[in-house]
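**Q** I have a structure here, written as structure tokens, and I will follow up with some questions on it.
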Amino acid sequence: MTSLQCEATRWALDDDDDFYPGWVEVRLTDAHGRQWVFFDKPPIFGGGDALSPKATYPIAVTIGCVILSRTSDPDGNEVVTISTGGRPEATEGDRSEFDVRPDQLVEP
């Protein structure tokens, strides 16, 4: 499966919260320079045991995705449209499709 490289920026719950396995905030900067924020459980982001309330953030993580298309922007740079399949969705607009740079992808 193809993965999208992102960055976990913080543990999204206070240490006092009794909620397992907790939630993390993850950020993606797309091919157009726009930043997107995701909140979900650590296993969704492939961070394993590295994602915890006591971890030092930011931490490199990934999101599973599917490549929908490959195009070029007006400057001739390749742009890849991907879908996260709805898990996770970006907090703004419940988006699951994004334009990213090819170097943001880890392909099998």
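The values are calculated or read from the model by the stated rules, or taken from the named source; none is laboratory data. Bear in mind the structure is a predicted one, so any value in this text is a computation, not a measurement. Note that we place each Cβ from the backbone using ideal geometry, even for glycine, and neighbour counts take in every protein chain shown. These area figures cover heavy atoms from the full protein model, side chains too; ligands, DNA and RNA do not enter into them. Shrake-Rupley method; radii C 1.70, N 1.55, O 1.52, S 1.80 Å.
**Q** With a 1.4 Å probe and all protein chains kept in place, how do Phe39, Phe45 rank by accessible area, largest first?
**A** Values: Phe39 70, Phe45 0 Å².
My answer, sorted largest first, is Phe39, Phe45.
**Q** Which value, in debye to the nearest 20, describes the size of the charge dipole of segment 25-105 about its Cα centre when Lys and Arg Cβ atoms bear +1, Asp and Glu Cβ atoms bear -1, and nothing else is charged? All intermediate terms of the calculation are to be shown ahead of the outcome.
**A** On the way: 8 positive and 13 negative charges, 57 e Å.
Computed about the Cα centre, the dipole is about 280 debye.
**Q** For segment 1-101, with every protein chain kept in place, what is the accessible area per residue (1.4 Å probe, Å²)?
**A** Values: 5790 Å² over 101 residues.
Accessible area per residue, segment 1-101: 57 Å².
**Q** Hey, what do the phi angles of segment 31-40 turn into as Karplus ³J(HN,Hα) couplings, whole Hz, using 6.51/-1.76/1.60 and θ = phi - 60°, x for Gly and Pro?
**A** Once θ is set to phi - 60°, the couplings for segment 31-40 become 5, 9, x, 7, 9, 10, 10, 10, 10, 6 Hz.
**Q** Another question, if that's okay. Taking the simple approach of a point 7 Å from Cα along Cα-to-Cβ for both Arg95 and Arg27, what is their distance in nm?
**A** Inter-label distance under the simple model: 1.5 nm.
**Q** Under 5 Å between amide H atoms, partner at least 5 residues away or on a different chain: which partners does Val100 have, H built in plane at 1.01 Å?
**A** Ala31, Val80, Thr81, Ile82
**Q** For Asp40 and Thr2 in one chain, what is 0.36 nm times their gap in residues minus the Cα-Cα distance, to one decimal in nm? Please report the intermediate quantities before stating the final value.
**A** Details: separation 38, 0.36 × 38 = 13.68 nm, distance 1.90 nm.
Stretched out fully, the Asp40 to Thr2 stretch lengthens by 11.8 nm.
**Q** Give the ranking of Thr56, Thr2 by solvent-accessible surface, highest area first, calculated with a 1.4 Å probe.
**A** Working: Thr56 120, Thr2 20 Å².
Result of the area sort, largest leading: Thr56, Thr2.
**Q** Carbon and sulfur atoms: what percent of the 1.4 Å accessible area of the chain do they account for?
**A** Working: 2860 of 6280 Å².
Result for the chain: 46 percent of the exposed heavy-atom area is carbon or sulfur.
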